[in-house]
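Colleague: I'd like to ask you about the structure that follows.
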């Protein structure tokens, strides 16, 4: 009993952290702080992955996302002068006012409709979260998901060629 | 725990051939002293043709693999062939731009092949993750290719715009696919999602499927440049190298449309079960709005464009609207599936051919031909062959009889009338009438205006056109006319392939 | 452990996704826009893994891996494009990427 309430408290903490840091990423203009907030979001999500018995997902979330991708972000921001990273996309900015209103209303209504529907439709059903071993995950990846698995390798190859081609000086 | 290894089958062959050719080109380039663009072009063509041959000879209609994750159904299998053929044409019309802009040829053709591989996979995938990854392969490839020109800010800017919007739409796709995955109770196979639609187990899964389809449709609307998700198209087309714009305009639309049809196929009404037909009606409404908006906005904005590639961008937006009519007809069970598929394929083939033709001529003319429409003044005198190819492509885009575009529109709209989408067809026909103004304006410029001093720029690139480029333009123009004058040949081809 | 985490996770995922969408529209800075997109992808990941655990699909973590691969590939190429644009801009002295008429 005590363990379960501790889990609730832990979950509530992680969820709050995730939402707050996500809001910071979404609305702050300070790029470096935003990256750090993004790290917090991702670590909180990794914690939640652990709570629902998915340690492998939590692990790659920390390694790949928080570890690799965000370090790349930080590196790029440090490489460029933070004050000059203000590369704007004019065609989007031009329509910004009406687009923001429309999208905000749409997103908010989508969120509330789905939330309302979730709360009304989703009854308390009985199931247990089950932890899958890495072997089970891997064997699914190499059988049912072999095609997407191979496609990721080609995607990464393209990304390597592309990053080298684009970033290299003449 | 035993692992069941999938057996090696022919279904792999086209994909493996394309990937191997691309990797081979990049590897071989390491051992070359001097750049060899012509060689890489020929190798690329060889890979595409080999993949096409494998499909035609070794993969019969309806074969599936990977536990139903891949299926060469009628639409998908012929769609792969259309994409491979279109890929060949685009490799050919890359000849001039690659040489002129000194693009890194090996990487260019390798990435082009991998993009084609992504598009081919996209049109035969029946599994959410494969669809997602092939969509991403196309996006990543295209924004690398768009930013490939050295020292060109316009290209980099186009690459960045496409990158931001492609990533944005990927976000919608991921969440949408997650909800579909939940709706199918933990399966990413489209077959299982169809099951969830036809025999829903709980209201919860129904809601998941609904939310999933809505989000995935939003993601696809970006890829298909449907209004109101079209804002990036004109900028990207204008800034990217012309053959890359052609990939986006023609091939990526074709594959995206086929994937959208596969994705929405669970919604095709099989009987008048209340749940499913209600769901379908919601989506029909949504698609209707997308189609109508794309036709109206695409045609209207194309009227005022002064640069050729921006005009072509808005014209492809209008054409996406017409293509969406095909999806609407597909969802209706009053028209036979085979007939709808033929109509869509005929339209797609015509669409690919005429777009390759138009972009191919623009690419052949160099910076001037890719810029202002005024530069086309007097082209008929300077290079009559290019003017003729452009005229055929533009007439076909308008839908003038005796061109492939007319046959495509006719078959598609006939099916749409059969299915009762009369209002939309009227709108599409009106849109085509309006489009005649902006397409034929270029023809008027080419044949009836004298070239002013400003158009001299078009002549600076007057070196004789490369053989490959010539062949590409001749093939696409000839096919546009052939399929327009003798539509039976096209139907015959679709039957025997 | 506890079934209630599942609907809670879906709500959390929707909240983060909505924040991501708003962030994309809010920011002018391409880098911040891209970070908001990462939020959207993360929300998708959370929904994926929650559904996988709910319906007992062992491939769930694998699906998350695919999405992360895509995110990594995008980040690699995207940030390269960003650096290149910045370089060209600082040499060509263009204070905004607006050469293409919007």
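The values are calculated or read from the model by the stated rules, or taken from the named source; none is laboratory data. If you're wondering where the values come from, they're calculated on a predicted model, not measured in any experiment. Positions of Cβ are generated from backbone atoms using ideal geometry, with glycine treated the same way; all protein chains shown enter the neighbour counts.
Colleague: Residues in the range A:1-34 that are part of a helix (DSSP H, G or I) and either surrounded by fewer than 21 Cβ atoms within 10 Å (Cβ to Cβ) or at positive phi (or both): how many? Lay out the reasoning, then the answer.
Modeller: Within the range A:1-34, the subset part of a helix (DSSP H, G or I) is A:2-27, A:31-34.
Applying the additional criterion that residues be either surrounded by fewer than 21 Cβ atoms within 10 Å (Cβ to Cβ) or at positive phi (or both) yields A:2-10, A:12-14, A:16-17, A:19-20, A:23-24, A:27, A:32-33.
The qualifying residues number 21.
Colleague: So, restricting to helices (runs of 4 or more DSSP H) that lie completely within the range B:303-385, which ones have at least 1 residues that are crowded, with 24+ Cβ neighbours inside 10 Å and at pLDDT 90 or above? Show your work before the answer.
Modeller: Values: elements: B:308-331, B:337-369, B:379-382.
Because the criterion is at least 1 residues that are crowded, with 24+ Cβ neighbours inside 10 Å and at pLDDT 90 or above, the helices (runs of 4 or more DSSP H) in the range B:303-385 that meet it are B:308-331, B:337-369.
Colleague: Which of the residues that make up the range B:173-191 are under 22 Å from residue C:7 (Cβ atoms) and assigned to a helix (DSSP H, G or I)?
Modeller: B:174, B:175, B:176, B:177, B:178, B:179, B:180, B:181, B:182, B:183
Colleague: Which is in contact (Cβ under 8 Å) with a residue 24 or more places away in the chain, within 22 Å of the chain's Cα centre (by Cα), surrounded by 23 or more Cβ atoms within 10 Å (Cβ to Cβ) and more than 18 Å from residue B:182 (Cα to Cα), of B:257, B:286, B:293? Reasoning before the result, please.
Modeller: Working: B:286 fails: surrounded by 23 or more Cβ atoms within 10 Å (Cβ to Cβ); B:293 fails: surrounded by 23 or more Cβ atoms within 10 Å (Cβ to Cβ).
Sole residue among the options that is in contact (Cβ under 8 Å) with a residue 24 or more places away in the chain, within 22 Å of the chain's Cα centre (by Cα), surrounded by 23 or more Cβ atoms within 10 Å (Cβ to Cβ) and more than 18 Å from residue B:182 (Cα to Cα): B:257.
Colleague: Can you list the helices (runs of 4 or more DSSP H) lying wholly within the range A:66-170 that have 3 or more residues being modelled with pLDDT of 70 or more and surrounded by fewer than 19 Cβ atoms within 10 Å (Cβ to Cβ)?
Modeller: Details: elements: A:70-79, A:90-94, A:96-121, A:134-141, A:146-167.
Because the criterion is at least 3 residues that are modelled with pLDDT of 70 or more and surrounded by fewer than 19 Cβ atoms within 10 Å (Cβ to Cβ), the helices (runs of 4 or more DSSP H) in the range A:66-170 that meet it are A:70-79, A:96-121, A:134-141, A:146-167.
Colleague: Which is free of Cβ contacts under 8 Å to residues at least 60 places away in the same chain, in a helix (DSSP H, G or I) and on the phi < 0 side of the Ramachandran plot, of B:19, B:50?
Modeller: Details: B:19 fails: free of Cβ contacts under 8 Å to residues at least 60 places away in the same chain.
Going through B:19, B:50 in turn, just one is free of Cβ contacts under 8 Å to residues at least 60 places away in the same chain, in a helix (DSSP H, G or I) and on the phi < 0 side of the Ramachandran plot: B:50.
Residues are listed down the side, and each one gets a yes or a no for (1) part of a helix (DSSP H, G or I); (2) crowded, with 24+ Cβ neighbours inside 10 Å; (3) in contact with a helix residue (DSSP H, G or I) (Cβ under 7 Å, 6 or more places away or on another chain):
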residue: B:196; (1), (2), (3): yes, no, yes
residue: B:200; (1), (2), (3): no, no, yes
residue: B:204; (1), (2), (3): yes, no, yes
residue: B:207; (1), (2), (3): yes, no, yes
residue: B:212; (1), (2), (3): yes, yes, yes
residue: B:216; (1), (2), (3): yes, yes, yes
residue: B:234; (1), (2), (3): yes, yes, yes
residue: B:245; (1), (2), (3): yes, yes, yes
residue: B:249; (1), (2), (3): yes, yes, yes
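Colleague: Which condition number in (1) more than 7 Å from every other protein chain (Cβ to nearest Cβ); (2) within 25 Å of residue A:140 (Cα to Cα) is the one that residue B:85 fails?
Modeller: Only one criterion in (1) more than 7 Å from every other protein chain (Cβ to nearest Cβ); (2) within 25 Å of residue A:140 (Cα to Cα) is unmet by residue B:85, namely (2).
Colleague: Check the range B:346-355 and report whether any residue there is in contact (Cβ under 8 Å) with a residue 12 or more places away in the chain, in contact with a helix residue (DSSP H, G or I) (Cβ under 9 Å, 6 or more places away or on another chain) and within 20 Å of residue B:239 (Cα to Cα). Steps first, answer last, please.
Modeller: Start the filter on the range B:346-355 by keeping residues that are in contact (Cβ under 8 Å) with a residue 12 or more places away in the chain, which leaves B:346-355.
Going one step further and asking which of them are in contact with a helix residue (DSSP H, G or I) (Cβ under 9 Å, 6 or more places away or on another chain), we end up with B:346-355.
Now restrict to residues that are within 20 Å of residue B:239 (Cα to Cα): B:355.
Yes, the range B:346-355 has at least one match.
Colleague: Only one residue in C:40, C:35, C:22 is more than 7 Å from chain A (Cβ to nearest Cβ) and within 22 Å of residue A:30 (Cα to Cα), so which one is that?
Modeller: Working: C:35 fails: more than 7 Å from chain A (Cβ to nearest Cβ); C:22 fails: more than 7 Å from chain A (Cβ to nearest Cβ).
Matching residue, one of C:40, C:35, C:22: C:40.
Colleague: Residues of the range B:163-195 being more than 28 Å from residue B:230 (Cα to Cα) and out of contact with any strand residue (DSSP E or B) (no Cβ under 7 Å at 6 or more places or on another chain), which ones? Break it down stepwise before answering.
Modeller: Within the range B:163-195, the first condition is being more than 28 Å from residue B:230 (Cα to Cα), and the residues that meet it are B:182-189, B:191-195.
Residues satisfying the conditions are B:182, B:183, B:184, B:185, B:186, B:187, B:191, B:192, B:193, B:194, B:195.
Colleague: Looking only at the range B:118-150, count every residue that is part of a helix (DSSP H, G or I) and more than 7 Å from chain A (Cβ to nearest Cβ) and tell me the total. Step through it out loud before you land on a result.
Modeller: Of the residues in the range B:118-150, the ones part of a helix (DSSP H, G or I) are B:118-124, B:128-146.
Now narrow it down to the ones that are more than 7 Å from chain A (Cβ to nearest Cβ): B:118-120, B:122-124, B:128, B:131-132, B:135, B:138-139, B:142-143, B:145-146.
Residues meeting the conditions: 16.
Colleague: Let me ask you something else. As an exercise: evaluate residue B:467 against (1) modelled with pLDDT under 85; (2) in contact with a helix residue (DSSP H, G or I) (Cβ under 9 Å, 6 or more places away or on another chain) and give the number of the one condition it does not meet.
Modeller: (1)
Colleague: Kindly indicate whether residue B:245 is out of contact with any strand residue (DSSP E or B) (no Cβ under 8 Å at 6 or more places or on another chain), at pLDDT 90 or above and over 18 Å from residue B:299 (Cα atoms). I'd like the intermediate steps shown before the answer.
Modeller: Numbers: out of contact with any strand residue (DSSP E or B) (no Cβ under 8 Å at 6 or more places or on another chain): yes; at pLDDT 90 or above: yes; over 18 Å from residue B:299 (Cα atoms): yes.
Here the answer is yes, as residue B:245 does meet what is asked.
Colleague: Going through the range C:1-19 one residue at a time, which ones are crowded, with 22+ Cβ neighbours inside 10 Å and either within 7 Å of another protein chain (Cβ to nearest Cβ) or touching a residue at least 40 places away in the same chain (Cβ under 8 Å) (or both)? Outline the logic, then answer.
Modeller: Step one: list which residues in the range C:1-19 are crowded, with 22+ Cβ neighbours inside 10 Å, which gives C:5, C:9-10, C:12-14, C:16-19.
Selection gives C:5, C:9, C:10, C:12, C:14, C:16, C:17, C:18, C:19.
Colleague: Among the numbered criteria (1) at pLDDT 85 or above; (2) in contact with a helix residue (DSSP H, G or I) (Cβ under 8 Å, 6 or more places away or on another chain); (3) more than 7 Å from chain C (Cβ to nearest Cβ), which single criterion is violated by residue A:11?
Modeller: Among (1) at pLDDT 85 or above; (2) in contact with a helix residue (DSSP H, G or I) (Cβ under 8 Å, 6 or more places away or on another chain); (3) more than 7 Å from chain C (Cβ to nearest Cβ), residue A:11 violates only (3).
Colleague: Identify the single condition in (1) more than 7 Å from every other protein chain (Cβ to nearest Cβ); (2) over 22 Å from residue B:229 (Cβ atoms); (3) free of Cβ contacts under 8 Å to residues at least 60 places away in the same chain that residue B:153 does not satisfy, given that it satisfies every other one.
Modeller: Exception for residue B:153: condition (1).
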